[in-house]
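The values are calculated or read from the model by the stated rules, or taken from the named source; none is laboratory data. None of the values given here were measured: they were computed from a predicted structure. Reconstructed Cβ throughout: ideal geometry from the backbone, glycine too, with neighbour counts over all protein chains shown. With ligands, DNA and RNA removed, areas are computed over all heavy atoms of the protein, side chains included. Shrake-Rupley method; radii C 1.70, N 1.55, O 1.52, S 1.80 Å.
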Amino acid sequence: MLIPRASNTAGNVDAVFYRILWIEISLLVIVTFVLVFFVIKYNSSKKTVPENISGSVILEIIWMVIPTLIVLLMFYIGLVSFDSIRAVPKTVMDIRVTGRQWSWLFTYENGRQSSDLRVPVGKAVKLLLTSDDVLHSFYIPAFRIKEDCVPKMETYLSFTPNEIGTYDIFCTEFCGLGHSGMVSKVVVMNDNDFASWYAAVPATAKMDGQKLLEEKGCLGCHTTDGSKKIGPTFKGLYDSQVTVLTNGKERNVKADEDYLRKSIKEPKADVVKGYPDIMPAVLVKPGELDAIVEYIETLK
Ligand SMILES: [Cu+2]
């Protein structure tokens with residue numbers, strides 16, 4: 001088995017998949033067998049003259065009824081499993097999931113936010129999904145769950161993780177240039193580890209620029225270590241000379257504090273040469289903007 005079954009829904013989904021796969025393999029074997037049988041039986045070298053059949057009510061009923069029953073059986077297998085996956089247990093922890101170009105944001109009941117999803121093992125979780133911009137799709141292969149994130153709409157997923165570990169989260173709806181980088185992790189922790197992580201940072205803690213960059217999704221496109229992503233890196237950016245396109249005209253500017261502030265609030269004003277003009281305006285409160293700019297200035 002390539003991908004672990006790390007949630008209560010995983011076994012269920014796999015069972016449906018394998019039942020339908022076996023039905024299909026059986027059909028393939030039967031059809032192939034009959035095909036080969038007739039190829040041999042009516043081989044031209046045998047000079048058999050086949051009978052001309054003009055119709056058979058019994059045959060027609062058989063080949064309509066049997067496939068219909070098979071399809072209904074597959075539908076039933078899927079429906080029963082789907083019902084159990086969509087049923088949400090009574091006591092659940094709600095976590096809000098926001099997809100945006102190109103990162104995930106998880107908001108917990110106590111106001112804590114993170115860019116990776118953290119859940120306690122064995123506890124039912126309900127994810128409330130939405131999107132800030134375009135269609136995204138939230139997918140955890142190890143849990144066998146997937147649901148679209150739609151702007152101005154709330155969808156949900158529920159699951160109970162049953163194995164401690166770290167698993168991949170992907171976006172499976174093509175959502176623009178940075179789609180392939182829209183990845184995160186779900187960390188399944190034991191009860192105590194989760195409780196201490198959950199309570200660690202009070203919502204009123206001093207704003208940390210690095211954390212804000214992560215939460216606002218900036219690090220989906222920009223790095224802090226000098227490597228190139230969809231957007232320019234923040235490392236060494238402060239006080240450097242940057243070639244930008246302003247209304248299509250090339251000009252050189254110094255990346256001072258004003259430049260950083262303006263580029264966050266109005267990303268379309270000056271677009272760094274060599275990079276696509278795709279950055280969305282970032283919603284930041286004044287205090288948050290200060291913290292982000294202060295942090296970028298330290299990345300020498
Ligand atoms: Cu996406």
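State whether the residues of the range 67-81 include one that is touching a Ser or Thr at 6+ places or on another chain (Cβ under 9 Å) and either open to solvent by less than 50 Å² (accessible area, probe 1.4 Å) or in a strand (DSSP E or B) (or both).
Among the residues of the range 67-81, at least one is touching a Ser or Thr at 6+ places or on another chain (Cβ under 9 Å) and either open to solvent by less than 50 Å² (accessible area, probe 1.4 Å) or in a strand (DSSP E or B) (or both), which makes the answer yes.
I'm trying to understand the selection: among the residues of the range 1-37, which are modelled with pLDDT under 90 and either within 24 Å of Pro67 (Cβ to Cβ) or loosely packed, with under 11 Cβ neighbours inside 10 Å (or both)?
Hits for the range 1-37 are Met1, Leu2.
Within the range 161-188, restricting attention to residues that are of a type in the set (D, E, K, R) and assigned to a strand (DSSP E or B), which residue is farthest from Ile3 (Cα to Cα)?
Among those residues, the one meeting the criterion is Lys185.
Which members of the range 205-257 meet the condition of being open to solvent by 80 Å² or more (accessible area, probe 1.4 Å) and assigned to a loop (DSSP other than H, G, I, E, B)?
Those that are open to solvent by 80 Å² or more (accessible area, probe 1.4 Å) and assigned to a loop (DSSP other than H, G, I, E, B): Lys206, Met207, Asp225, Lys228, Lys229, Lys235, Asn247.
Quick one: which residue in Leu127, Leu105 is away from the ligand (no atom under 14 Å from the Cβ), open to solvent by less than 40 Å² (accessible area, probe 1.4 Å) and under 13 Å from Ile169 (Cβ atoms)?
Step by step, each of Leu127, Leu105 is checked, and only Leu127 is away from the ligand (no atom under 14 Å from the Cβ), open to solvent by less than 40 Å² (accessible area, probe 1.4 Å) and under 13 Å from Ile169 (Cβ atoms).
Evaluate the range 138-160: report whether one residue or more is assigned to a helix (DSSP H, G or I), within 11 Å of the ligand (Cβ to nearest atom) and either in contact with a helix residue (DSSP H, G or I) (Cβ under 9 Å, 6 or more places away or on another chain) or not basic (Lys, Arg) (or both).
no
Among what's in the range 88-102 and is more than 16 Å from the ligand (Cβ to nearest atom) and within 17 Å of Lys146 (Cβ to Cβ), pick the residue that is most open to solvent (accessible area, probe 1.4 Å).
Val88
Which one of these does Glu51 not meet: (1) modelled with pLDDT under 85; (2) in a strand (DSSP E or B); (3) acidic (Asp, Glu)?
Status for Glu51: all satisfied but (2).
Which condition breaks for Ala199 when tested against (1) open to solvent by less than 70 Å² (accessible area, probe 1.4 Å); (2) more than 16 Å from the ligand (Cβ to nearest atom); (3) not in a strand (DSSP E or B)?
In the conditions (1) open to solvent by less than 70 Å² (accessible area, probe 1.4 Å); (2) more than 16 Å from the ligand (Cβ to nearest atom); (3) not in a strand (DSSP E or B), Ala199 misses (1) alone.
Restricting to the range 163-181, and then to whatever is more than 18 Å from Glu214 (Cβ to Cβ) and in contact (Cβ under 8 Å) with a residue 60 or more places away in the chain, can you tell me which residue is nearest to the ligand (Cβ to nearest atom)?
Applying the filter and picking the extreme gives Cys175.
Can you name the condition, by its number, that Ser158 falls short on among (1) open to solvent by 60 Å² or more (accessible area, probe 1.4 Å); (2) within 30 Å of Lys123 (Cβ to Cβ)?
It is condition (1) that Ser158 fails.
Within the group Gly209, Gly181, Gly231, which residue is touching a His at 6+ places or on another chain (Cβ under 6 Å) and either over 25 Å from Lys273 (Cβ atoms) or modelled with pLDDT under 90 (or both)?
Result: Gly231 is the single residue among Gly209, Gly181, Gly231 that is touching a His at 6+ places or on another chain (Cβ under 6 Å) and either over 25 Å from Lys273 (Cβ atoms) or modelled with pLDDT under 90 (or both).
Can you confirm whether the range 159-176 contains a residue that is at pLDDT below 90 and either within 21 Å of Val282 (Cβ to Cβ) or within 15 Å of the chain's Cα centre (by Cα) (or both)?
Scanning the range 159-176 turns up at least one residue that is at pLDDT below 90 and either within 21 Å of Val282 (Cβ to Cβ) or within 15 Å of the chain's Cα centre (by Cα) (or both).
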